[in-house]
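Structure record follows, encoded as structure tokens.
The values are calculated or read from the model by the stated rules, or taken from the named source; none is laboratory data. All values reported here derive from a predicted model rather than from experimental measurement. Here Cβ is always computed from backbone atoms with ideal geometry, including for glycine, and neighbour counts include all displayed protein chains. Accessible surface is based on the protein model in full, side chains and every heavy atom, while ligands, DNA and RNA are left aside. Shrake-Rupley method; radii C 1.70, N 1.55, O 1.52, S 1.80 Å.
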Amino acid sequence: MGSPREQHWGVSLWPVALLVVLVSLAFRERESALAKLSFATEDTRPVSAVARNDGADAEDEDIALFTHTNNELHCMDRELRHPCVRELRNFVEDKANADKRGAALSCVQEVLASSRDFYELKNMTHLLLDLDTVEHAFDRDSRDDDFVMSGVAFAEKLMSHPECLAEFDTKSELECRCVPLYAKVAILKLKNAKLLDRAKAVFDRISSMPWSGTTRTYAPGDAVPWDHFQHTPQIWVRGLRSQPVWPRETWGDLPICEKLEDNFETIREEAQQALLSPEGRFEDAYRFLYEKGEWNHVMLYHKREFTEACELAFPKTCALLKQWLPSKPGLPWTSDQNEQAMVIKMAKGTEVELHSGPANNILNIHIGISGLTGAKLIVANETYRWEEGKVIAWDGSYDHSVNCVECEQERVIMMVRYMHPDMAPEHYRGIRQTHFEEVPAELRG
């Protein structure tokens, strides 16, 4: 740990850690606007970044390259405010112009070198890594483009910022903390750019770091206890079994698997009807994870509620799901994805980039419905294929990708996100808040 940045993580610098926490608490009210990313990650609403364009008055300043007003952002709770708007817009609108590219990149690199503002660093990370935009602006042509790599550099600088580090003290282990979140983002972007050595260097540094603060102290490797290079969720629940795919012999702990297979004919019948009906209400799924093609879902169960589409388009399936979900009533969720049910369709030619889920206490239970020939699910570098009426149970917090490049027709599956069977009341002792909700007093201990 030789560099000054890495020394922020050393256990001997407790006075610095104390200062970090005090600074963080002073901004705690402002930070309450933060919520979730995409990547399934953490939604944020930055409020303090200042635009650096042409010195116009505040009310005339152009402070956002993409806006909700123009339907350019998929994350409805997030507002992107950032510097270099004029330069970046000129480049995005005319990417073949070398002068405009150079001016935009120069501005970005100047901000990277000079900025110390937590929210500005966060905004630039989200912007340049295309985390919030409906259309990919910076990585469309190349995953290792200079703008993308600048986004990774912003993420790395953000991880060393005092307000980011302070979340080891100010947030519980069941909340989304800044360092593991943006480390995961950077690692995945580097993997998708085929820069595996750089990705591994970030993984090794973060998964071995210590922390010494005012309320918590972690030994080296315990602050972010990832167990594998392909297993880097931003929320890590300790003590859970960890395996990329859950084989059939483990399904005694996952009763949903056999229930889905036993009721497949009902599920298939209603899914096929929904594909032809406006009541099916398929919507774009995770647009930031793919550039070409179509990937749509209809949500049946979300945030502990069964949707109108579930009741209207899937009444029989919905009645079954109501018997099975939630799987652990009374246990708080760490994410709004802890338990969900949806039917997903993917068009021929669609390829979804490598990504991973937000927490290691969420399992994905898939059952193949139709159009499965040629479709691939890749989990931790192993390839799996769906079969009609058969379940694949796997851990979505491992690196994974899906594609329909070799499909003969539209692929349709059903997915149930399911709480890890090892989750128990003791995981919530001493914790007041998860990322998703408050922990009931009787579980806190």
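At a glance:
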quantity: Those residues of segment 368-383 which are part of a strand (DSSP E or B), open to solvent by 10 Å² or more (accessible area, probe 1.4 Å) and of a type in the set (A, V, I, L, M), in sequence order; calculated: Ile378
quantity: One residue from Glu135, Glu120 being on the phi < 0 side of the Ramachandran plot and either surrounded by fewer than 19 Cβ atoms within 10 Å (Cβ to Cβ) or aliphatic (A, V, I, L, M) (or both); calculated: Glu135
quantity: Single residue of segment 268-282 satisfying the filter (under 30 Å from the mean Cα position of the chain (by Cα) and not in a helix (DSSP H, G or I)) that is farthest from Arg417 (Cα to Cα); calculated: Arg281
quantity: Number of positions in segment 277-311 that are hydroxyl-bearing (Ser, Thr, Tyr), open to solvent by less than 40 Å² (accessible area, probe 1.4 Å) and within 30 Å of Arg140 (Cα to Cα); calculated: 1
quantity: Residues (assigned to a loop (DSSP other than H, G, I, E, B) and either of a type in the set (S, T, N, Q) or farther than 30 Å from Glu173 by Cα (or both)) located in segment 428-445; calculated: Thr434
quantity: Failed condition for Pro225, given (1) farther than 25 Å from Pro162 by Cα; (2) in a loop (DSSP other than H, G, I, E, B); calculated: (1)
quantity: Unique match (being outside any loop (DSSP other than H, G, I, E, B), open to solvent by 10 Å² or more (accessible area, probe 1.4 Å), among the hydrophobic types (A, V, I, L, M, F, W, C) and in contact with a strand residue (DSSP E or B) (Cβ under 8 Å, 6 or more places away or on another chain)) among Leu321, Leu354; calculated: Leu354
quantity: Criterion violated by Glu79 - all others in (1) open to solvent by 50 Å² or more (accessible area, probe 1.4 Å); (2) more than 18 Å from Ala155 (Cβ to Cβ); (3) charged (D, E, K, R); (4) at pLDDT 90 or above satisfied; calculated: (4)
quantity: Within segment 62-154, helices (runs of 4 or more DSSP H) holding 1 or more residues that are of a type outside the set (Phe, Trp, Tyr) and more than 25 Å from the chain's Cα centre (by Cα); calculated: 85-93, 98-114
quantity: Residue ranges of helices (runs of 4 or more DSSP H) in segment 159-219 with at least 2 members open to solvent by less than 30 Å² (accessible area, probe 1.4 Å), touching a residue at least 40 places away in the same chain (Cβ under 8 Å) and farther than 21 Å from Ser142 by Cβ; calculated: 162-165, 167-170, 178-192
quantity: Counted residues, segment 241-276 - those being loosely packed, with under 13 Cβ neighbours inside 10 Å and of a type in the set (Gly, Ala, Ser); calculated: 1
quantity: Some residue of segment 290-298 being over 30 Å from Gly371 (Cβ atoms), over 18 Å from the mean Cα position of the chain (by Cα) and of a type in the set (Lys, Arg); calculated: no
quantity: Complete set of residues in segment 384-427 that are β-branched (Val, Ile, Thr) and part of a strand (DSSP E or B); calculated: Val391, Ile392, Val402, Val412, Ile413, Val416
quantity: Lone qualifier among Glu426, Glu442 - being within 16 Å of Val237 (Cα to Cα), open to solvent by 10 Å² or more (accessible area, probe 1.4 Å), free of Cβ contacts under 8 Å to residues at least 24 places away in the same chain and not basic (Lys, Arg); calculated: Glu426
quantity: Pairs with Cβ under 9 Å, 6+ apart, first in segment 256-267 and part of a loop (DSSP other than H, G, I, E, B), second of a type in the set (S, T, N, Q) and buried (at least 18 other Cβ atoms within 10 Å of the Cβ); calculated: Asn263/Thr317
quantity: Residue within segment 366-384 that is more than 20 Å from Asp422 (Cα to Cα), among the small types (Gly, Ala, Ser) and modelled with pLDDT under 95 present; calculated: no
